[in-house]
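For reference, the structure is listed below as structure tokens.
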Amino acid sequence: MIRTLDTTALLGEGAETASDLLLAQMLQMEFDREYDAQLRREENKFNGDSKVSISFENYRMVHPYEDSESSDDEVDWQDTRHDPYGPDKPSPNAKRGFVGKGKEITTKHDEVTCGRRNTARMENDQAVDSKTRLLLYKMVNAGVLESINGCISTGKESVIFHANGGSMDDKMVPAECALKVFKTTLNEFKNRDKYIKDDYRFKDRFSHLNPRKIIRMWAEKEMHNLIRMQEAGICCPEVIVLKKHVLVMSFIGQDHVAAPKLKDAILSSEDMKRAYYQVLDMMQQLYTECKLVHADLSAYNMLWHMGKVWLIDVSQSVEPTHPHGLKFLFRDCKNVSQFFQKSGVSDAMGERELFNAVSGLNIKADNEVDFLVEIEALEKINEDHVRQMGKRVQMTYESDVPKEN
Ligand code: ADP
Ligand code: MG
């Protein structure tokens with residue numbers, strides 16, 4: 001079966017191709033693919049029932065997962081099975097100089113929904129640059145995706161597309177997928193530096209990276225966080241594959257219709273109460289089992305699907321020991337608490353109680369200001385601890401680490 005790509009979806013109706021080169025590459029790849037299919041047919045005809053078969057492999061133009069665009073910052077299909085940033089191992093060569101405290105916490109809810117049915121063409125052509133289009137094209141060409149259908153959401157930092165799943169050798173690809181394309185324009189990511197710079201899992205690499213790689217790291221971070229969550233049995237999208245700044249995951253929804261955000265979903269009061277207890281459970285699991293704080297948890301990043309709440313959007317999630325981890329957790333608790341209280345769940349705890357229930361801490365302050373003071377004190381202790389661990393580990397490895405200067 002030859003898969004074809006709906007290029008109008010990728011290029012935008014009537015949109016001019018950003019470069020003739022891209023178009024030429026696309027056409028060439030399509031041509032190569034057809035050539036290979038023809039070759040395969042001839043190979044089969046040639047070999048027939050014969051016990052000895054002749055392979056035409058060397059004549060093929062397109063190899064599975066081939067990436068013709070070679071550059072030194074190439075990232076291969078990441079291995080989604082391994083999380084190299086395991087919770088209890090600060091990097092052995094942790095460098096000094098992770099800085100930053102107490103800056104403003106920003107959030108990011110200004111997404112414009114493109115419409116529920118994803119038959120719409122890619123409206124905002126700028127959302128996806130030519131390199132990204134080629135990357136998406138290659139995924140279809142490699143057969144991982146059957147087709148890419150249209151935009152589900154466009155936010156400041158990412159664009160989400162619906163896609164029909166194809167197949168992979170070692171993994172089931174769901175019939176419906178969501179593609180999260182992290183925008184390669186850095187502007188919106190600048191104020192999120194602290195999420196990643198101070199995360200010991202990434203800070204080592206951070207300083208050496210160019211903007212493109214930093215964007216990829218966000219995608220990578222989302223992937224690893226989702227995997228941790230999935231392993232803990234938390235309802236969240238399943239990671240299918242990561243290719244550079246494009247994350248392919250399972251689609252939460254059905255028949256091209258994305259599940260509604262919890263803020264838009266209409267729930268009976270019984271369902272709302274159940275949703276609350278499920279969210280409470282998930283926050284606790286996230287904290288204790290995944291060693292993560294969502295850090296942007298609100299009714300915008302929870303979807304209501306098949307009678308359950310699904311957590312999404314975890315690229316900014318951090319470990320509780322992150323210098324602002326507890327502050328982020330408190331903000332999450334505030335959003336969750338306020339949402340469910342407003343939605344009429346009388347059992348819903350207040351934010352401070354919820355914070356203690358999730359973290360297992362026992363902060364007694366009876367007002368927000370004092371509560372936050374205690375949180376900051378704990379963060380300081382955490383930070384010192386991580387710093388010391390970094391140093392200790394570094395001392396152990398000192399002879400192995402090439403000296404600077
Ligand atoms: P951001 O908020 O950073 O733009 P999100 O990951 O929250 O990115 O995705 C934006 C929106 O796209 C979500 O609110 C949701 O409506 C939709 N979406 C994201 N991932 C999926 C998914 N796996 N399945 C269905 N819809 C999704
Ligand atoms: Mg979101």
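Of the residues Met249, Met283, Met272, Met223, only one is within 13 Å of ligand 1 (Cβ to nearest atom) and either more than 17 Å from the chain's Cα centre (by Cα) or part of a helix (DSSP H, G or I) (or both); which?
Every option except Met223 fails the conditions.
A search for C-beta distances below 7 Å between a residue of the range 269-281 that is under 13 Å from Ala299 (Cα atoms) and any residue that is among the charged types (D, E, K, R), counting only pairs 6+ apart in sequence or on different chains, returns Tyr276/Asp347. I'd like the full set of residues that are of a type in the set (Gly, Ala, Ser) and in contact with a Pro (Cβ under 9 Å, 6 or more places away or on another chain), limited to the range 275-328. Those that are of a type in the set (Gly, Ala, Ser) and in contact with a Pro (Cβ under 9 Å, 6 or more places away or on another chain): none in the range 275-328. For the range 226-246, the candidate set comprises residues that are within 12 Å of ligand 1 (Cβ to nearest atom) and in a strand (DSSP E or B); within that set, the residue that is surrounded by the fewest Cβ atoms within 10 Å (Cβ to Cβ) is Val239. Just give me the residues in the range 149-169 being farther than 23 Å from Lys221 by Cβ and either more than 14 Å from ligand 1 (Cβ to nearest atom) or outside any strand (DSSP E or B) (or both), in sequence order. Selection gives Gly166, Ser167, Asp169. Summed over the range 287-298, the residues that are buried (at least 22 other Cβ atoms within 10 Å of the Cβ) and within 16 Å of ligand 1 (Cβ to nearest atom) give a count of 5.
Taking the condition within 15 Å of Arg228 (Cα to Cα), assigned by the TED database to the domain that holds Glu379, among the hydrophobic types (A, V, I, L, M, F, W, C) and within 16 Å of ligand 2 (Cβ to nearest atom), does Val293 pass?
Spelling it out, Val293 is indeed within 15 Å of Arg228 (Cα to Cα), assigned by the TED database to the domain that holds Glu379, among the hydrophobic types (A, V, I, L, M, F, W, C) and within 16 Å of ligand 2 (Cβ to nearest atom).
Each residue in the range 307-335 was checked for being away from ligand 2 (no atom under 15 Å from the Cβ), out of contact with any Cys (no Cβ under 9 Å at 6 or more places or on another chain) and over 22 Å from Asp384 (Cα atoms), and 3 pass. On inspection, Val239 passes the criterion of being assigned by the TED database to the domain that holds Lys221 and out of contact with any Cys (no Cβ under 9 Å at 6 or more places or on another chain). Residues that are within 18 Å of Val336 (Cβ to Cβ), out of contact with any strand residue (DSSP E or B) (no Cβ under 6 Å at 6 or more places or on another chain) and among the basic types (Lys, Arg) occur at least once in the range 270-291.
Here Asp332 fulfils each of the conditions (1) outside any loop (DSSP other than H, G, I, E, B); (2) out of contact with any His (no Cβ under 6 Å at 6 or more places or on another chain); (3) at pLDDT 95 or above apart from (2).
Each row is one residue, and each column tells you yes or no for (1) under 30 Å from Asp129 (Cβ atoms); (2) in contact with a helix residue (DSSP H, G or I) (Cβ under 6 Å, 6 or more places away or on another chain).
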| site | (1), (2) |
| --- | --- |
| Glu222 | yes, no |
| Ala232 | no, yes |
| Leu262 | no, no |
| Ala265 | no, no |
| Met282 | no, no |
| Leu286 | no, no |
| Tyr300 | yes, no |
| Met306 | no, no |
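If the condition is being polar (S, T, N, Q) and closer than 21 Å to Glu289 by Cα, then the range 330-386 contributes Asn356, Ser359, Asn362, Asn382. Exactly one residue out of Tyr195, Tyr200 is in contact with a strand residue (DSSP E or B) (Cβ under 8 Å, 6 or more places away or on another chain) and at pLDDT below 65, and it is Tyr195.
The values are calculated or read from the model by the stated rules, or taken from the named source; none is laboratory data. For clarity, every value in this text was computed on a predicted model and none was experimentally measured. FYI the Cβ positions are ideal-geometry reconstructions off the backbone, even for glycines, and counts take in every protein chain you see.
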